[in-house]
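A short write-up of the structure that comes next.
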Amino acid sequence: MNQTPQLRRRTFLAAGLAAVGAAATGCGFTSDDGGGNGGSGTDDDGDSPRSGGTLRMSMLPIAHLDPAIAGNASNGQIIMTGLWEGLVVLDAEDPTNVLPGVAEQWEVSDDLLTYTFHLRSDAAWSNGDPVTAADIEWNWKRILTPGISGENAPSYNQGNVRVAGAGEYMSGATTDFATVGATAVDDATFEVKLEVPNPTLLLHLAHYQFLPLHPATVEAVGNDGWLGAETWVSNGAYVLDSFRVNQGAVLLRNEEYWDAGNYHLDRWEITFNDGGTTADLLSYQSDELDITGRIEDDLEAVTTSDVAGELMSAPPNQIRQLIILNSRNTVLTDVRIREALSIAIDREALGAIGAPAVPGNSMVPDVIEGSDEIPGVELDLDRALSLLEEAGFPGGAGLPAIMLMDYQSSPWVEAIGQMWRDNLGIEVMVDNIERGLFIEQIEELQPEDYVGFYALNTSVSPPVLQSAAQRILPAAPTAGIEGINLVPPEVAEQFLAARDGGATADQLLTILDGNRYPEAQRAIDLAEQALAETDPDRQNELLIESAIARDQSFVEIPVLWGGYNLLVKPRVKNLKLWPFTSVLSTKGVSIES
């Protein structure tokens, strides 16, 4: 038996970093028309977007809106990008490009290490204060200050951004912020200096980490007092009218915003729903919502409903995958067994189950330019059985039960379990546990009788090869002992003891470095080389090599690619979804009367 259908890589690739490169080599980047991607929703005469109206939306509950804190899932980022604006903003028409935001133009030095941003004169806070370069510097200092995120991980990742001196300041090695390459040159000029060239810098600056709080407000009311309508000041298209943890938020048009003419909504009402797809689907069908994003846990209910035709999906930069858990039982540290499990998955069949997601055979989705050079994984049952036999488990005999940990009931996870039972003759158990417990358990060393993987949906954002490589590198604040950081049990015990004893992030990484299994370590080494390489052609070669090495380590098993899914009423006009974790912008969006 030889079932080896080629998994074809789809070819709707991104346009590349040409626009970002243009900003790097030219003398500036300007917007003559205010930067608008104007709306196509029209008024009753069909002449222009209809102004006014209320957009009603639901999403998962969120507890905070602080740009300094990591873990702001797509739901929080959707709100944050409406309330604030950074130096640059994402381009809904071209996901590899950025548009002017607070900065109306910028230039980049010949060595690609210094970015000089010129702030627009009409950028203002919602209380009328001008937005100054000093405000931007204050916010950089805030997000880099050790401990500012409390018990949460900080949102800034030096491995992604590579700003000179930022890593040392975050670690506490220096307390002199003047050593950090983030400087207000004057009221209208802000400068960023890098350690090494970073072609993804502008895309990163458009993300939520670099959205600015109003310094005077935070200093007046404290770090816990600024998130409230009575003290609210922001610089984006909306202001906060109310925010209720686990209930919802209301945003109103910000008349002080420089680009207010391209935002047509008067009011944006957001309901937090923790009741799952059923509750949201019923509310949507009852015309209580215009947009619902709380449908991921039961897409089948949506695709078989009477509103299936109103489902919108963002370009697929997300990967549904299985990630190896660390266990005292080391059977899965044999790469032959992990490969056998991966190539015994029929991803084409999963695509039918997981629609609108599509078969995904690599950790680099096809929305990313260069993905066509990464072969990914193919279905090959003959090789899978041969690998199991080589590893000492002919026909799956003697292999312990494989556990698949999940925090919800996912049909694609159940289907993988059945494929392994049918194709490899092994026992598989799906372990659905509460989400909070799931988050705790995946970071622990599992007991001898618990061997397997956990299910997760992750994304590559920005959707470029550099971001895929940056995701390979273990981030100091969030490093664990699973997945790409798979280490022997005795090293895992040392790591966990140090973690529980209050070791610093760098001390934890020191324990992992050099102790990972060779397949995973090779992927990390190649990613580090790629991100340090300054020659663009050689860097691209290394980025592809690192992506292939990651796929061939099989510590992460990609199975489906997808984008964020929303139900959207036809009366919502000109809504564009993009392949970023912030999912969408309401720029140009209007509500048909």
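The values are calculated or read from the model by the stated rules, or taken from the named source; none is laboratory data. Given the structure is predicted, the values throughout are model-derived calculations rather than measurements. Backbone-built Cβ (ideal geometry, glycine too); neighbour counts: all protein chains shown. When the accessible area is computed, the model is the full protein with side chains, heavy atoms only, and any ligands, DNA or RNA have been set aside. Shrake-Rupley method; radii C 1.70, N 1.55, O 1.52, S 1.80 Å.
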Just to be sure before I move on: is R50 modelled with pLDDT of 85 or more, basic (K, R) and buried (at least 17 other Cβ atoms within 10 Å of the Cβ) in the structure I sent? no
Can you name the condition, by its number, that T534 falls short on among (1) of a type in the set (V, I, T); (2) open to solvent by 40 Å² or more (accessible area, probe 1.4 Å); (3) in a helix (DSSP H, G or I)? (3)
Taking strands (runs of 3 or more DSSP E) that fall entirely within region 89-169, which contain at least 2 residues that are modelled with pLDDT of 95 or more and touching a helix residue (DSSP H, G or I) at 6+ places or on another chain (Cβ under 7 Å)? 103-108, 114-119
Residues satisfying the stated conditions in region 170-215, i.e. assigned to a loop (DSSP other than H, G, I, E, B), modelled with pLDDT of 90 or more and not aliphatic (A, V, I, L, M): T174, T175, D176, G181, D187, E195, H207, P212, H214
Given (1) closer than 18 Å to A206 by Cα; (2) under 21 Å from the mean Cα position of the chain (by Cα), T132 misses just (2)
Of all residues in region 216-231, how many are open to solvent by less than 30 Å² (accessible area, probe 1.4 Å) and in a helix (DSSP H, G or I)? 2
Residue check for L83: at pLDDT 95 or above, open to solvent by less than 30 Å² (accessible area, probe 1.4 Å) and over 20 Å from L205 (Cβ atoms): no
Just to be sure I understand the filter: pairs with C-beta atoms under 9 Å, separated by 6 or more residues or on different chains, first member in region 338-356 and without any contact (Cβ under 8 Å) to a residue 60 or more places away in the chain and over 12 Å from P558 (Cα atoms), second member open to solvent by 30 Å² or more (accessible area, probe 1.4 Å) and in a helix (DSSP H, G or I). Which pairs pass? A355/E300; A355/T303
Go through region 389-484 and tell me which strands (runs of 3 or more DSSP E), entirely inside it, have 1 or more residues that are in contact (Cβ under 8 Å) with a residue 12 or more places away in the chain, surrounded by 17 or more Cβ atoms within 10 Å (Cβ to Cβ) and acidic (D, E). 402-406
Within region 387-404, does at least one residue satisfy the condition of being modelled with pLDDT of 95 or more and charged (D, E, K, R)? yes
What residue, of N515, N565, N540, is within 22 Å of P365 (Cβ to Cβ) and open to solvent by 10 Å² or more (accessible area, probe 1.4 Å)? N540
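Matching residues to (1) surrounded by 24 or more Cβ atoms within 10 Å (Cβ to Cβ); (2) touching a residue at least 40 places away in the same chain (Cβ under 8 Å):
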{"position": "A70", "(1), (2)": "no, yes"}
{"position": "D91", "(1), (2)": "no, yes"}
{"position": "N97", "(1), (2)": "no, yes"}
{"position": "S109", "(1), (2)": "no, no"}
{"position": "T114", "(1), (2)": "no, yes"}
{"position": "L119", "(1), (2)": "yes, yes"}
{"position": "N127", "(1), (2)": "no, yes"}
Test result for T179, of a type in the set (V, I, T) and open to solvent by 30 Å² or more (accessible area, probe 1.4 Å): yes
Can you tell me which residues in region 367-380 are in contact with a Ser or Thr (Cβ under 8 Å, 6 or more places away or on another chain) and not in a loop (DSSP other than H, G, I, E, B)? S371, D372
Under 9 Å by Cβ, and 6 or more places apart or on different chains, what pairs join a residue from region 142-171 that is closer than 16 Å to P212 by Cβ with one that is crowded, with 22+ Cβ neighbours inside 10 Å and at pLDDT below 85? I143/P154; L144/P154; T145/P154; I148/P154; S155/N72
Quick check on V233: is it over 24 Å from the mean Cα position of the chain (by Cα), modelled with pLDDT of 95 or more and under 24 Å from G293 (Cα atoms)? no
For the list (1) in contact (Cβ under 8 Å) with a residue 60 or more places away in the chain; (2) open to solvent by 30 Å² or more (accessible area, probe 1.4 Å); (3) over 26 Å from P315 (Cβ atoms), I need the number of the one condition that P489 fails. (2)
